[in-house]
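Submitted below is the structure of interest, expressed as structure tokens.
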Amino acid sequence: MKKDNFKIAVFAGDGIGTEIMREALKILQLISDRKKMNFQLQEGLAGGCAYDRFGTPLPDESLKLAMQSDAVLLGAVGGPQWESLDYSVRPERALLGLRGKLGIYANLRPIIVFEELLDASPLKSNIVRGIDIMIIRELTGDVYFGRPRGVKTGKNGKRKGVNTLAYSEDEIRRIAVRAFEIARTRKKNLLSVDKANILETMELWRSVVTEVGKDYPDVALQHMYVDNCALQLIRNPSQFDVIVTSNLFGDILSDEAAMLTGSIGMLPSASLGRKSALYEPIHGSAPDIAGKNIANPLATILSVALMLRYSFAMSAEADLIEKAVTETLKEGYRTKDIDQPDKKLVGTTAMGDAVAANLHKLLN
Ligand code: NAD
């Protein structure tokens, strides 16, 4: 039976975090009222605001809240006032702590170019029109965690740096299964990106992904080398549906793909883990515009849609939120970061209200 009772830990964070989270929660409240869901929201402190109050960016209380929740919704953390702090208590450590404790292993980044915002892309509109890519990045392996690592000075007095590209078969299998499952809910095309022509670990990656693919005969699997993928993302990005790749390649490719849209305030993300999942916009706390009611709340609102789809199996409602965002853009509403001539320039609150009004209509 479908569950209708979910615990959500909410961390608005720093900078524009509180402003964008307020609008995202409006949307969640609307879904909750109209669909008779019982979302139990519990707000906590994470990031610089937590450091100011408790001397740590991720207090035990916040961690407990996250661990006991079905999903975590996060605004953004960080800001110049905390930049001189020791690395161990910087606001960004809260993210690392949450990811680690929640056993996060997959990052999902949908790259969608809205027809209404085609001009925001640095590429020509005929290249980016219709882009709808899901990039799935493995998060626990690769050169970021492999050992040995470090820089040592040899007998000759010269330094040598080493990082190790390592993946276990289980790590590859786990992300591949997720990717095939997600591809199944989309156009059923999965591209696995590697460097199997040069790196043995990537040869293993390719072979495990291929093995997993045997259980998903309905999904078309292809492989591509990372250098070619970087090129194809600019040349012909609309050929892609779901892309699964390793930690390092995913780090780079997902940022490259994000730039196709040209609007950082529009992109949500999901980080899926063994214990829970974390949903957040890809942008930071934008201290330069905090407190001015001009931040774009759409990435955070779209993160709510991802949460409904991937944590609560509420795809229909997720689709409606995405549709409400599209409708709002079609009506001409724009925050400053995506403003265009002859459009309705609005602030954070008014943008949230406009999406809520459209969602209200769609839910009727
Ligand atoms: P940023 O993403 O905060 O801002 C980059 C630029 O984009 C700024 O000009 C900002 O005004 C604009 N921008 C970002 N989000 C926007 C939105 N929703 N609407 C309109 N404009 C938006 O990146 P930054 O300036 O490099 O970092 C600022 C702080 O955020 C730093 O402390 C950094 O460490 C932190 N950060 C946090 C996260 C996170 O919480 N996940 C991610 C990245 C950066």
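In the range 135-257, what is the count of Lys pairs whose alpha carbons are under 27 Å apart, counting only pairs at least 8 residues apart or on separate chains?
6
Which order do Met134, Met351 fall in if you start with the one that has the fewest other Cβ atoms within 10 Å?
Fewest to most other Cβ atoms nearby, the residues stand as Met134, Met351.
Arrange the peptides 183-190, 106-113 so that the one whose residues have, on average, the most other Cβ atoms within 10 Å appears first.
Averaged packing, sorted descending, gives the order 106-113, 183-190.
Sticking with this structure for a sec: Using Cα pairs closer than 8 Å and at least 6 residues apart in sequence, work out the relative contact order for the chain, in percent.
21
Give me the dipole magnitude in Debye, nearest 20, for the chain about the Cα centre, with unit charges on the beta carbon: positive for Lys and Arg, negative for Asp and Glu.
My answer is approximately 640 debye.
Can you tell me what the convex hull of the Cα atoms of the chain projects to on average, as an area in nm²?
20.4
To the nearest Å, what is the center-to-center distance of the range 156-214 and the range 1-36, using C-alpha atoms only?
34
On to the next question. For the chain, give me the percentage of DSSP beta bridges that are antiparallel, rounded to the nearest 5 percent.
40
Let me have the relative contact order for the range 167-210, percent, based on Cα pairs under 8 Å that are six or more residues apart.
Relative contact order, the range 167-210: 44 percent.
Would you pull out the residues with amide H under 5 Å of Ile294's amide H, same chain only if 5 or more places away, H placed 1.01 Å from N?
Amide H to amide H, under 5 Å and 5 or more residues apart or across chains, Ile294 pairs with Thr348.
Mind jotting down the distance between the C-alpha centroids of the range 106-145 and the range 250-281, whole Å?
Rounded to whole Å, the Cα centres lie 8 Å apart.
What residue among Gly130, Tyr279, Val208 has its Cα farthest toward the positive end of the dipole of the chain, where the charges are +1 on Lys, Arg and -1 on Asp, Glu, each on the Cβ?
Val208
So what are the ³J(HN,Hα) numbers for the range 78-90, from phi and the Karplus equation (6.51, -1.76, 1.60; θ = phi - 60°), rounded to whole Hz, Gly and Pro as x?
x, x, x, 5, 10, 5, 8, 5, 4, 3, 5, 10, 5
Quick one: which of 163-175, 145-157 comes out on top by average Cβ neighbours within 10 Å, and what's the full order, highest first?
163-175, 145-157
For the range 149-271, with only Lys/Arg (+1) and Asp/Glu (-1) charged at the beta-carbon, what is the dipole magnitude about the Cα centre, in debye rounded to 20?
540
While we're on this one: From the helices alone, meaning DSSP H stretches of at least four residues, give me the mean residue ellipticity at 222 nm for the chain, per-run term -39500 (n - 2.57), in deg cm²/dmol to the nearest 500.
-12500 deg cm²/dmol
In addition: Taking H as built 1.01 Å from N, whose amide H comes closer than 5 Å to the amide H of Lys344, not counting residues under 5 places away?
Tyr333, Arg334
Where a number appears in this text, it was derived from the coordinates with a stated rule and is not lab data. All figures in this text were calculated on a predicted structure; none of them were measured in a lab. Cβ sites come from the backbone with ideal geometry, for glycine too, and all protein chains shown count toward neighbours.
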